[in-house]
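In what follows, a single structure is set out as C-alpha cells and then discussed.
Readers should treat all values here as calculations from the given coordinates under stated rules, not as data from a laboratory. Computed from a predicted structure; not experimentally measured. Please note: Cβ atoms are built from the backbone with ideal geometry, for glycine as well, and neighbour counts cover all protein chains shown.
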Amino acid sequence: MFKLFRENIRIAFTSIRSQLLRTILTVLIIAVGITALVGILTLVAALENTLSSDFATMGSNTFNISRYDSQENLKSNEERKINPVLSYTQVKEFSERYNYPTTHTSISFTATAAAEVKYDSKKTDPEISVLGVDEYYLVNSGLQTTLGRNFTRFDIQNNSHVCVIGSDLEKALFKDVNPIDKVISIRGSKFKVIGTLKEKGSTFGNSQDLRILIPIQLARSIYTSPNINYSLSIMTDKKELLNQAVDEAILTMRQVRKLNPIEENDFGISRSDDLINRILDLTQYLGWAAWIIGIITIFGSSIALMNIMLVSVTERTREIGVRKALGAKKVTIATQFFIETLIVGQMGGFLGIILGILIGFFIGLALDFTFVIPWLAIFAAFATTFLVAIVSGLYPAIKASKLDPIEALRYE
C-alpha cells in the first residue's frame with residue numbers, strides 16, 4: 001500500500017514537471033488568495049497582541065474619567081456633544097469627595113507634547129511630552145521604573161523639583177551614564193531625575209517613551225495655558241468592587257459638575273477592559289474581510305486547478321488506457337490524479353502562507369505592532385487549500401477513473 005502511494009506521488013511530480021508553466025500559474029493563483037487571507041489575519045493577530053500588551057499592564061480594575069467618552073471620540077464634529085473641560089478645581093474636588101474603599105485616585109494632565117529638555121551640553125528635539133502627575137499616576141497607569149523610584153507623597157505635596165523620565169529620553173541624554181540624581185532643565189526649571197520608566201514602545205506610531213513626568217503643581221506653574229483639561233484615573237484593589245466603584249465615581253462627578261437628575265453626563269468613563277474589548281471587536285471586521293477576499297480568490301483558483309487537471313486527464317488519456325490495460329483499478333487511477341491535485345494545491349498554500357506572513361510582518365513592523373506567529377491563519381490556510389484540492393480534484397479524478405481502456409488506447 002505504501003509502495004503504491006509513493007509511486008503515485010512520483011507520477012504526480014513527473015506530471016507537474018511536464019506541465020510546469022500551467023502548474024506555476026495555478027500555484028500563483030492559489031497563493032494570491034492564501035496570501036490575502038494569511039496576511040490580513042497575521043496583521044490582525046499582531047494588532048490584537050499589541051493592544052492586549054498595552055492595556056494589560058493597566059489591569060482590569062482601573063477606570064478613567066475624562067472630558068469625552070471613548071465612543072464620543074468616534075463621532076463627527078456635528079454629532080459630538082461639546083463637553084466642558086475637566087478643570088483642576090473639579091478634579092481636585094472629586095479626589096477629595098471620592099472616598100470609595102480600596103480605591104486610589106490619580107490626577108494628571110499633559111502640559112505639552114513639544115518640550116525641549118537639556119542636560120549639560122546635550123538637548124533633545126522639541127518632541128518631549130511633559131506630564132504633570134501625582135504619586136498614584138504610575139501605579140494606576142501600569143507603569144514601572146527600571147531605575148530609581150516613583151514619586152512619593154512628600155515629593156508631590158512639597159513640589160519637589162524631581163522627575164521620572166521615559167526610556168527614549170534616557171537614551172537621548174544619558175547614553176552610558178546613570179541618569180539617577182542627574183539634573184535636567186525644562187523651560188529653565190531644574191529637575192533631579194529620580195527614576196526611569198520601563199520601555200513601552202509605540203502605539204500607532206506615537207512613542208510612549210519620549211516623556212517626562214513632574215509633580216502636578218510644578219507643571220501647572222510652568223505651563224499656564226488656559227482651559228487645561230485634566231484626567232482622573234481610579235484603581236480599586238479589589239476587582240469585584242469595580243462596578244460599584246464606577247457607579248460611585250459617576251455619582252460623585254455629577255455632583256462636582258452640578259448636574260441635575262435629568263441631565264446627561266458631560267464627561268466620559270472608560271474602563272481599561274471595556275476599551276480593549278471594544279477595539280478588539282473592531283478587528284473582527286478585518287478578519288471577516290480576510291475571509292471574504294480569500295474565498296473569492298480561492299473560488300477562482302479552484303476553477304483554475306480543476307481546469308488544469310481536466311486538461312491533464314485529456315492529454316494523458318492514452319497513458320490511462322495503458323495503465324488500465326495492465327490491470328490498474330479505478331481507485332488507483334483516481335488516487336493518482338487526486339494526489340497530483342493535492343500536491344499542486346498545497347504548493348500554492350505553502351507559498352501563500354510564506355508571502356502572507358511576510359506581508360503581515362512588514363506591515364506590522366512599519367506600524368510598530370508586536371509580531372506573533374499566526375497559528376490560526378496557518379491552520380486556516382492549510383485547511384482551505386486541502387478543501388480546494390478536494391473540490392477541484394474530485395471530478396477530474398472520477399473522470400479519469402471511468403475512462404474506457406479500449407477507447408483510451410485509441411485516443412490520439
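Tabulated values for the structure
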| item | result |
| --- | --- |
| Relative packing of peptides 123-136, 225-238 - highest average C-beta neighbours within 10 Å first | 123-136, 225-238 |
| Relative packing of 140-151, 82-93, which averages over residues the other C-beta atoms within 10 Å, highest first | 140-151, 82-93 |
| GluC sites (Glu not before Pro) restricted to region 157-256 and DSSP loop, no more than 15 other C-beta within 10 Å | Glu199 |
| Ranked list, fewest to most other Cβ atoms within 10 Å of each Cβ, for Met347, Met309, Met253 | Met347, Met253, Met309 |
| Ascending count of other beta-carbon atoms within 10 Å, so fewest first, for Asp168, Asp69 | Asp69, Asp168 |
| Long pairs among Lys122/Lys200; Lys92/Lys239; Lys92/Lys238; Lys118/Lys198; Lys171/Lys239; Lys122/Lys198, criterion Cα-Cα beyond 28 Å | Lys171/Lys239 |
| Built amide H within the under 5 Å cut-off of Lys198, gap 5+ | Gln144, Thr145, Thr146 |
| Taking Thr23, Thr112 and counting other C-beta atoms within 10 Å, the order from fewest to most | Thr112, Thr23 |
| Positive-end extreme of charge dipole, region 163-268 - chosen from Val177, Leu251, Tyr223 (charges on Cβ) | Val177 |
